1. Residues with amide H under 5 Å of GLU45's amide H, sequence separation 5 or more or different chain, H placed in the peptide plane at 1.01 Å from N; which?
2. Could you tell me the extents of the chain's C-alpha atoms along the three principal axes, largest first, rounded to whole Å?
3. To test your reading of the geometry: what angle, between 0 and 90 degrees and rounded to tens, separates the Cα axis of helix 365-385 from the longest principal axis of the chain?
4. Specify which residue in the list PRO26, ASN11, GLY72 is farthest towards the positive end of the charge dipole of the stretch 1-85, using unit charges on the beta carbon of Lys, Arg (+1) and Asp, Glu (-1), about the Cα centre.
5. Relative to the longest principal axis of the C-alpha atoms of the chain, give the angle of the C-alpha long axis of helix 240-256, reported between 0 and 90° and rounded to the nearest 10°.
6. In debye, nearest 20: dipole of the stretch 20-161 around its Cα centre with unit charges on the Cβ of K, R (+) and D, E (-)?
7. Would you order TYR236, TYR318, TYR381, TYR125 from fewest to most other beta-carbon atoms within 10 Å of each residue's own beta-carbon?
8. Output the Cα-based Rg and Dmax of the stretch 181-432 in Å, rounding Rg to one decimal and Dmax to a whole number.
Amino acid sequence: MDKDLEKKILNILDEEIVPAEGCTEPIALAYVGAKAREILNETIEKVTIKVSGNMIKNVKSVVVPNSGGMVGIETSVAMGIVAGDAKKDLMVISDITKDDMIKVKEFLNDKKIEIIHDDTDIKLYAKILLESKNGKSASVEIKHTHTNITHIEKNHKIILERPCNDMDFNSPEKDREILSIKVIYSIAKSIDMNKIEPIFTKVIALNSKIAHEGLMGNYGVNIGKIISDNIESGFYGDDARNRAASFASAGSDARMSGCSLPVMTTSGSGNQGMTSSLALIEYARINKIAGEKLIRALFFSHLATIHIKTNVGRLSAYCGVICSAAAVAGALAFLNEESYEVTTHSITNTLGDVSGIICDGAKSSCAMKVSTTIYAAFDSYLLAREGKYLHGGDGIIANDIEETLKNIRKLSQDGMNITDKVIIGIMNNCSSS
């Protein structure tokens, strides 16, 4: 294997598969709040929060972990300011206690907090300005990714300015053009296990733990647990497809409802990280598939998710778990030692099936979308295995998988841009009514 290519692939995994507690958009706001407080280091009098529409969309309805059931932009930022640790990145509020939350509520009651919807084309954008009584101030800005700080200012003096092309983002390995499904398929078969086993062992451990919590607890709409309960009652068949959908969606049930257990995210999303992994983990358990085969399938699934999601963009009206489910369909083929052609047809079938699912913010229904797309992934692999697949010219599907992904890019970034604005408008109107 080309050593330079392998190194780049491993760097991409390190960047994209990271632990986070809670939905990544509220956690990103907590991170920025904690960083701004660290820079100011003064008693805070006023907080101004500028955010993109997609940040508003993804923070509005999801429960913030360790908050005692609270939601919203103000809660997320206040938790970061009062008790967050920016050095922990997306685990910034993982150590917050009940006593801390008393202080957070006092902060929310006592301080002037203003939220401004910044009508920017940057989907993932936030800037938090803190001001003290004596006129001192500090601001921190992120763009494109959840911890990508592009600007820091203290007392009107710039102390960090990172040039950031608004069609790109700052990253040691920002160029994802080296990825293709063919490259991913080939490397997944040959890469040294010692280089990928540690990260995917952690994926299995963390993501499985929150899925089991979702199956036991009362979270959100509880679709994962309800599917599982109905398997036991006989309403659903006890098969790998139903078990996989149950397991994957249970993790999302818990996470969207504020469960404090961390997950391994993929492409900036815990739901994508769980979707990319949990269905395969459960499928492998049921079919007693050896550890190395599962690790390689998870490598394929996560890297394919990253590749597909890169075409969509970090935040979009195109539901991100579609990308993960398409990758899972390909990984099911990979896990069952199917050809490259069957693998790509499995991905294509999924994209042709569920690409109309919208993202209307982070909330309980995300778990339903996880189960829906996992069912589609299994059906898509089954069809491809039987030689049935969507052909070029069938709607958005092209003759080549990479051309299909370019069509997904056009659909999600250009075609659904107005859809995103309409969704955000509807959600804002619902909030004010």
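Values quoted throughout were computed directly from the atomic coordinates according to the rules given, and no laboratory measurement underlies them. This one's a predicted model, so the numbers in the text were calculated from it and none came from an experiment. Here the Cβ positions follow ideal geometry from the backbone for every residue, glycine too, while neighbour counts run over all protein chains shown.
1. GLU131, SER132, LYS133
2. The Cα atoms of the chain stretch 71, 49, 44 Å along their principal axes.
3. 20
4. So the residue we want is GLY72.
5. That works out to roughly 0 degrees.
6. 120
7. Numbers: TYR236 18, TYR318 25, TYR381 28, TYR125 21.
Arranged by neighbour count, lowest to highest, TYR236, TYR318, TYR381, TYR125 become TYR236, TYR125, TYR318, TYR381.
8. When restricted to Cα atoms, the stretch 181-432 yields Rg and Dmax of 17.2, 55 Å.
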